[in-house]
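Visitor: Quick one: the structure is below, and I'll ask about it shortly.
The values are calculated or read from the model by the stated rules, or taken from the named source; none is laboratory data. The shown structure was predicted, so the numbers you read here are calculated from the model rather than taken from an experiment. Glycine also receives a Cβ, built like all others from the backbone with ideal geometry; neighbour counts cover every protein chain displayed.
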């Protein structure tokens, strides 16, 4: 009977999570430019002024949110990197252990 692995991480999804967080950060940083791009289309300047007020108030919070998004993305990258490193080392150790048993070597010196 096959035993299921004790530890399993969706590394592809976790790596994608970091990329998506960085993409979100980039899009948040573009809101001012986006608002400006619609200035002529809005017609009434009161709408654009309201967007400008929102943008000004949002500026402080955005920086904090951006730092948090960067930190989460960095943590996600670190988990993926370290887990892959651990997995590669464990695979190497198992392969080396199997080779050591298969070639007649023993752990007692001779």
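Visitor: Take the residues of the stretch 55-110 that are modelled with pLDDT under 80 and surrounded by 12 or more Cβ atoms within 10 Å (Cβ to Cβ): which is farthest from residue 35 (Cα to Cα)?
Guide: Once the filter is applied, the top-ranked residue is 100.
Visitor: Then there is this: Which of the residues spanning the stretch 1-20 are at pLDDT below 75 and either under 25 Å from residue 79 (Cα atoms) or in contact with a helix residue (DSSP H, G or I) (Cβ under 9 Å, 6 or more places away or on another chain) (or both)? Reasoning before the result, please.
Guide: Initially, the stretch 1-20 is screened for residues at pLDDT below 75, giving 1-7.
Residues satisfying the conditions are 3, 4, 5, 6, 7.
Visitor: Sticking with this structure for a sec: Identify the residue in the stretch 21-45 that is at pLDDT 85 or above and loosely packed, with under 14 Cβ neighbours inside 10 Å and, among all such residues, is farthest from residue 80 (Cα to Cα).
Guide: 27
Visitor: Count, please, the residues in the stretch 51-74 that happen to be under 13 Å from the mean Cα position of the chain (by Cα) and under 11 Å from residue 28 (Cα atoms).
Guide: If we filter the stretch 51-74 for residues that are under 13 Å from the mean Cα position of the chain (by Cα), which is where we start, we get 68-74.
Okay, now just the ones that are also under 11 Å from residue 28 (Cα atoms), so 69.
Residues that pass the stated criteria total 1.
Visitor: Please specify each residue of the stretch 21-57 satisfying the condition of being in contact with a helix residue (DSSP H, G or I) (Cβ under 8 Å, 6 or more places away or on another chain) and closer than 17 Å to residue 69 by Cβ.
Guide: 21, 22, 24, 25, 28, 29, 31
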